[in-house]
Amino acid sequence: MRLQRVFIWVLLISVIGLEISVIEALPKRILVDTDVVTDDIFALLYLLKLNTSLIDLKAVTISTNTWTDGGHSVNQVYDILYMMDRDDIPVGVGGEGVILPNGTILPDVGGYLPLIDQGISTFGNCRYRQAIPLVLGGRLDTDTNYGLRRGFLPQGFRKYSPLHQPTTQQVMIDTISKGPTTIFLIGTHTNFAIFLMSNPQLKKNIEHIYVMGGGVRSKNPTGCFPKNSSSSCKPQQCGYPGNLYTSYTSNPYAEFNIFGDPFAAYQVFHSGIPVTLVPLDATNTIPINEKFFDSFERNQHTYEAQYAFQSLKINRDTWFDDQFYTSYFMWDSFTSGIASSIMHHSSANGENEFAEMEYMNVTVVTSNAPYGISDGSNPLFSGRATPKFDLQKDGVHSGHVQTGLLDPFCILMNEIGKCQDGYTKEVTGVDGAGVLVATKAKPNRDTSSLLDRFFFASFLDVLNLPQHTGRFNFTTQFPYYKEVFYKPDFGSRKLGKSVVFDMDMSAGDFISLIYLLKVPVEVINLKGILVSATGWANAATIDIIYDILHMMGRDDIPVGLGDIFALGQPNPSFPSVGDCKYIKAIPQGSGGHLDADTLYGVSRDLPRSPRRYTAENSVKYGAPRDTEHPELRQPLALEVWQSISNSMDPGSKITLLANGPLTNLAQIILSKENLSSVVENVYVVGGHISYGTKDRGNLFSVPSNEYAEFNMFLDPIAAKTVLESELDITLIPLNVQRQVSSYSDILKKLQLTEKTPEAVFTYRLLSRLYHLQQKHHRYHHMDTFLGEILGAVILASDQHLNPAYQVKPVKVLATGNLSEDGQIVIDEKHGKFMKVLETLNEQRYYGEFANLLGEKMQSAVIGSFGEQKKIWSTRPAYKSYVSESSEDMEV
């Protein structure tokens, strides 16, 4: 073992160039474009550990149209760089530029959509992205790194901030303009393809492109059945070039990174810039095996090694079957090693220590034959006299483009799928590009080692080097860190009506939550929160709820995560993936998911809760195995609801306030729960009742649907299910919400109230929304979120606001027609009669809202993350810590 260690150190000295004076060549300037999945984190940490005299990481940009969401991923990268003491590295994400119908690319296109679908906004279809699971190792787990991100990474000073965050294209242009740059593409190619198409004058500064993606001659080893299995066993994607495990029945040829935007990858491969490809051919030969895993577990001597191992372990522990060690490979991390070694050797034929290489003639399939026949699937050609981007009418881009996982063109009865979109195909002649391809991982030269691949040894040694190491993790950055849970002790106070809040995590919903927590418990006893991920924020944003509850001293309130798809949208054969028929109406960039997921840049100022989403799971709840901490599992919405309803005293009932799409409530109804025996009434904030052709809804992203409101449109089947149920419903529609949507009025009232932490935070958030609305057109719809607060105020202060209600026969349309889904109509024959709020005293409303936030009772027990940092950085006094909140709090 001692001999092996000496050997590896000699290798590191030669490959990595540890402080060797004879190396006089300028360091390679690196820009990494990443989708921030677990293996991308490995690759990023590996590069950050290398000697900067050889490898100098200059910038990171975020690929946002597959595995990750921009707001969550950019903050994770900021925190990784902070841990590694590299706040000098710029990080780019998003952008609000557009591509005009004639193909003109305007500055700062954000890369939220594949090139062929990018138009004049950041909302649009999910033709390729629907192959990415939303849960079970998908976007939720990528955004949170399975819950590890907030538990391990220190929180630095950099964060996403609206209109101040450097965009992807800005960072690419700034970095590449400064000198020769090598590009690492370890996600989709959208960002870099946009750069190449928009900045031909800077192409000369690109020295080389290293790509992890595709499969050329690969044969997928996963999904294969054992030799002695029954004849009824189907081999799934086994033996085909791709790895789209969610889509092999329609496309067994593509790999995820290339499939995310085939047309963009084509631009990169055919750019004329030297490309080195590390495809599945090579990565399939370096699976994570038990010996590597065990060696890694024993070698965690730096914070970066610990974060990487914990990330790998939670991936293994939550793997969907028992084939982890034959299905999980070193993808992007292997690419970083191969590229680093090639750059050290400066070899034209790709000489390196870690992989065998071969030149191949490769192209990227972007459409399927027959070419030149328009069937409506290809927006580059369909309905156009002149193809977009001046493409050839009958060329390789002019065929059928896969429209989704269930595209009937791609699916053959009882056969494997025929579509090849994203296939990195080996061809002859001018149709291909000469690419240097990694074909196989090299074995370990040290035959006595337990590690059978040479890169395994390098990876572990590099991550554990004492040089360029992480400074601390989240807990060790504070000398007196202590995890604290706050639970109220209401003593003899008589609790008021039991309320469950169903929210979709929009800005208005978070303010509503703060308001509900301020209402005296004698009036409202908030029993639980149900979270809908079918609205304005992605599922990982649930962590902000935990932080607000912690701030307000209510770590006792359970939070349940609801369905991630609207009713009717999941893929019947693979429920963790599905269509985006309705959610595609939400912008992915500014004013949409990017801002909602970060609470418009202010979420990181909230105190950090000890609770957070984790992927920890238990056999008890259907997982294949117990993880290390199954007690930390994230409860589901239906579980929280059942727990609350079962705990109610006989004869007592629950009031529901629904502020988002009605997915959760519909699922509870469909679960055959006897709601009438436990639910007193339901307040639904949403819907629009039009009183004339000019009285339109707020669905600005679907122009053909003039009269719908977002909450109803985002899950119209759920809305129909709820509104037609036997529940006693009070509707608070868009019409009346608009009466109380004056930012200037509410901000004036908040300025006059007492400055409690929650009042200050609310004022700051609303001021930001108001400022953004005035400054940039992407924020024109901010009034929507201000109106959403009305439901919470009505629920708590109905008698003070002089509300006027009318009973009307209401019906919601859910026909599958996007031009009318979600619309509410008055139907005397088939509508259900319910109370509809018509008017209220507006000025009294603003005063009621502001005054309650300024009350000292039930105020925040910890005001901000800054306050937490001071506590954790100060030696505690020799007495029990007591919160400032009052005598009714247990710590």
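Quick grid of which residues meet (1) among the polar types (S, T, N, Q); (2) open to solvent by 20 Å² or more (accessible area, probe 1.4 Å); (3) assigned to a strand (DSSP E or B):
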position	(1), (2), (3)
THR64	yes, no, no
ASN75	yes, no, no
ARG86	no, yes, no
ILE89	no, no, no
Which of the helices (runs of 4 or more DSSP H) found entirely inside the range 712-757 contain at least 1 residues meeting this: of a type in the set (Lys, Arg) and over 20 Å from PRO809 (Cβ atoms)? 743-752
Filtered residues of the range 631-646 (kept if open to solvent by less than 60 Å² (accessible area, probe 1.4 Å) and either charged (D, E, K, R) or under 23 Å from the mean Cα position of the chain (by Cα) (or both)): ARG633, GLN634, PRO635, ALA637, GLU639
Do you know which residues across the range 368-420 are among the acidic types (Asp, Glu) and in a loop (DSSP other than H, G, I, E, B)? ASP375, ASP394, ASP407, GLU415
Between TYR683, TYR613, which is more than 20 Å from LEU148 (Cα to Cα) and not hydrophobic (A, V, I, L, M, F, W, C)? TYR683
Taking interchain pairs and intrachain pairs at least six residues apart, which have beta carbon atoms under 6 angstrom, with the first residue in the range 789-808 and hydroxyl-bearing (Ser, Thr, Tyr) and the second open to solvent by less than 10 Å² (accessible area, probe 1.4 Å)? TYR805/LEU837
Cross-chain or 6+ apart pairs with Cβ under 6 Å, the range 342-367 first and over 30 Å from LEU380 (Cβ atoms), then open to solvent by 10 Å² or more (accessible area, probe 1.4 Å) and acidic (Asp, Glu): HIS345/GLU351
If I ask for residues that are hydrophobic (A, V, I, L, M, F, W, C) and surrounded by fewer than 18 Cβ atoms within 10 Å (Cβ to Cβ), which ones from the range 485-503 would you list? PHE485, PHE490, LEU495
Given ARG158, ARG127, which one is at negative phi, of a type outside the set (Ser, Thr, Tyr) and surrounded by fewer than 22 Cβ atoms within 10 Å (Cβ to Cβ)? ARG158
In the range 164-219, anything among the polar types (S, T, N, Q), within 19 Å of VAL275 (Cα to Cα) and outside any helix (DSSP H, G or I) is listed as THR181, THR182, THR188, ASN199, SER218
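Output the residue which, of all residues in the range 407-416 that are hydrophobic (A, V, I, L, M, F, W, C) and over 18 Å from PRO262 (Cα atoms), is most open to solvent (accessible area, probe 1.4 Å). Can you show your working first?
If we filter the range 407-416 for residues that are hydrophobic (A, V, I, L, M, F, W, C), which is where we start, we get 409-413, 416.
Then keep just the ones that are over 18 Å from PRO262 (Cα atoms); that gives 411-413, 416.
Working: ILE411: 66, LEU412: 60, MET413: 157, ILE416: 44 Å².
Looking at the filtered set, the residue picked out is MET413.
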I'd like to know if the range 520-539 contains one or more residues that are assigned to a helix (DSSP H, G or I), crowded, with 24+ Cβ neighbours inside 10 Å and modelled with pLDDT of 95 or more. yes
Do we have ASP332 as open to solvent by less than 40 Å² (accessible area, probe 1.4 Å) and touching a Ser or Thr at 6+ places or on another chain (Cβ under 6 Å) here? no
Cβ-Cβ under 7 Å, sequence separation 6+ or interchain: first residue in the range 369-396 and under 24 Å from GLY432 (Cα atoms) and open to solvent by less than 40 Å² (accessible area, probe 1.4 Å), partner of a type in the set (Val, Ile, Thr) and assigned to a loop (DSSP other than H, G, I, E, B). Which pairs? ASN378/VAL401
Given the residues ASN698, ASN705, which is the only one that is closer than 21 Å to GLN569 by Cα and in a loop (DSSP other than H, G, I, E, B)? ASN705
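Would it be correct to say that SER341 is out of contact with any Leu (no Cβ under 7 Å at 6 or more places or on another chain), modelled with pLDDT of 95 or more and in a loop (DSSP other than H, G, I, E, B)?
In short, no.
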Selection status of LYS440, charged (D, E, K, R) and either closer than 30 Å to ILE644 by Cβ or in contact with a Phe, Trp or Tyr (Cβ under 8 Å, 6 or more places away or on another chain) (or both): no
Filter the range 759-777 down to residues that are in contact with a Leu (Cβ under 8 Å, 6 or more places away or on another chain), in contact (Cβ under 8 Å) with a residue 40 or more places away in the chain and open to solvent by 10 Å² or more (accessible area, probe 1.4 Å), then give me how many there are. 3
Among (1) part of a loop (DSSP other than H, G, I, E, B); (2) at pLDDT 95 or above; (3) under 30 Å from TRP319 (Cβ atoms); (4) not charged (D, E, K, R) - the single one TRP641 does not satisfy: (1)
THR693 vs (1) over 22 Å from VAL640 (Cβ atoms); (2) open to solvent by less than 40 Å² (accessible area, probe 1.4 Å): all pass except (2)
Looking at this structure, is LYS879 open to solvent by 70 Å² or more (accessible area, probe 1.4 Å), modelled with pLDDT of 95 or more and more than 30 Å from GLU726 (Cα to Cα)? no
Given (1) within 21 Å of VAL268 (Cβ to Cβ); (2) under 20 Å from the mean Cα position of the chain (by Cα); (3) not polar (S, T, N, Q), where does ILE99 come up short, assuming only one miss? (2)
For GLU726, the lone unmet condition from (1) under 19 Å from ARG844 (Cα atoms); (2) of a type outside the set (Gly, Ala, Ser); (3) modelled with pLDDT under 95 is (1)
All but one of (1) part of a loop (DSSP other than H, G, I, E, B); (2) open to solvent by less than 30 Å² (accessible area, probe 1.4 Å) hold for PHE455; state the number of the condition that does not hold. (1)
Under 6 Å between Cβ atoms, which residue pairs at least 6 apart in sequence (or on different chains) link something in the range 686-701 that is over 17 Å from GLY831 (Cα atoms) with a partner that is of a type in the set (A, V, I, L, M) and part of a loop (DSSP other than H, G, I, E, B)? GLY697/ALA708; LEU699/ALA708
Criterion first (open to solvent by 10 Å² or more (accessible area, probe 1.4 Å), among the aromatic types (Phe, Trp, Tyr) and not in a helix (DSSP H, G or I)) does TYR359 satisfy it? yes
Open to solvent by 20 Å² or more (accessible area, probe 1.4 Å), hydrophobic (A, V, I, L, M, F, W, C) and modelled with pLDDT under 95 - does that describe any residue in the range 576-584? no
Qualifying residues in the range 321-338 (those that are hydroxyl-bearing (Ser, Thr, Tyr) and in a helix (DSSP H, G or I)) - the one nearest to LYS442 (Cα to Cα): THR335
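The values are calculated or read from the model by the stated rules, or taken from the named source; none is laboratory data. Being a predicted model, the structure only gives us computed values, none of them experimental. All Cβ positions, even for glycine, are placed from backbone atoms using ideal geometry, and neighbour counts span all protein chains on display. We work out accessible area using only protein heavy atoms, side chains counted, and drop any ligands, DNA or RNA first. Shrake-Rupley method; radii C 1.70, N 1.55, O 1.52, S 1.80 Å.
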